[in-house]
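Novice: Attaching a single structure in structure tokens format; questions to follow.
The values are calculated or read from the model by the stated rules, or taken from the named source; none is laboratory data. Every value quoted in this text rests on a predicted model; they were computed, and no experiment measured them. Cβ sites come from the backbone with ideal geometry, for glycine too, and all protein chains shown count toward neighbours.
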Amino acid sequence: MTTDTNTTAPRFTVTLDALRKAGACYEGYNKLVRSLQGETFSAEDADRNSYIHFKHDAEIPLLDILKSNGLDDALWSLRCVSGADRDIRLFAVWCARQVEHLMQDQRSKDALDVAERFANGDATEEERVAAWVAAWAAARDAARDAAWDAAWNAAWDAAWNAAWAAAWAAAGADARAAAGADAWAAARAASGADAWAAARDAAWDAARDAARDAQAEMFTRMCLGSAPWQQAKVAA
């Protein structure tokens, strides 16, 4: 089992009970259960419409979920982690910054800057909300622009999707919008309205895979307490 070497809060671990209460899908949950049991996830398991009964109260490192289920399920599980708002927000910002050079609307870039400052206690809630509104306006403008080509859109898909998943999960049902929508909106604004419908050609696959590999690597570092923003906090 993976060891979480981040000895300071937050601990990036979850429990099966928390995953069930958060509404984990049957397939993803049962795939994790089989991994914990050391058993193969079968076709019958995949078709099951209920949770596998398995008594396991111990905390499960998110890195184990990353290994057994993949990045999407690991990101989804962030909603079950307590006290990690700053780290998750800054992870979302990091994901978006990897393709910041593609952003043509300054409002999107400004929203990332405000989200980062807000996470570090250097921006007010009013500033965050204003940046969020501006980023949404940029998103609407981008959606009306018919000049986005397939290659542009395709390169964006994986990057903004991971930023959205991380940001949306940041603070649970009562505070998700405040805990990461600004970073999501900034990423979404630059993607164009049709990014998810772009042709899945070889160039798109390569861009997507490279982006997701980078995101998985940074997710791992965050869980271990060695992400750049975590080291800066320790140094301070």
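Novice: Scan the range 69-126 residue by residue and report those that are under 28 Å from T15 (Cα atoms) and aromatic (F, W, Y).
Specialist: W76, F91, W94
Novice: I need the full set of residues from the range 120-151 which are at pLDDT below 80 and touching a helix residue (DSSP H, G or I) at 6+ places or on another chain (Cβ under 7 Å), in order please.
Specialist: W132, A135, W136, A137, A138, A139, A142, A151
Novice: Please go through the range 54-108 and give me each residue that is among the hydroxyl-bearing types (S, T, Y) and touching a helix residue (DSSP H, G or I) at 6+ places or on another chain (Cβ under 9 Å), ordered by number. So that I can check it myself, show each step before the final result.
Specialist: The first filter runs over the range 54-108 and keeps only residues among the hydroxyl-bearing types (S, T, Y), leaving 68, 77, 82, 108.
Once the filter is applied, which keeps residues that are among the hydroxyl-bearing types (S, T, Y) and touching a helix residue (DSSP H, G or I) at 6+ places or on another chain (Cβ under 9 Å), the range 54-108 yields S68, S77, S108.
Novice: Which one of these is in contact with a helix residue (DSSP H, G or I) (Cβ under 8 Å, 6 or more places away or on another chain) and part of a helix (DSSP H, G or I): Y29, Y51?
Specialist: Unique residue meeting the criteria: Y29.
Novice: Step by step: first the residues of the range 199-236, then only those that are of a type in the set (G, A, S) and modelled with pLDDT of 85 or more, then the one that is nearest to Q98 (Cα to Cα). Which residue is that? Working first, answer last.
Specialist: The first filter runs over the range 199-236 and keeps only residues of a type in the set (G, A, S), leaving 199, 202-203, 206-207, 210-211, 214, 216, 225-227, 232, 235-236.
From the residues that got through so far, the ones that are modelled with pLDDT of 85 or more too are 214, 216, 225-227.
Values: A214: 9, A216: 13, G225: 20, S226: 18, A227: 15 Å.
Ranking the candidates gives A214 first.
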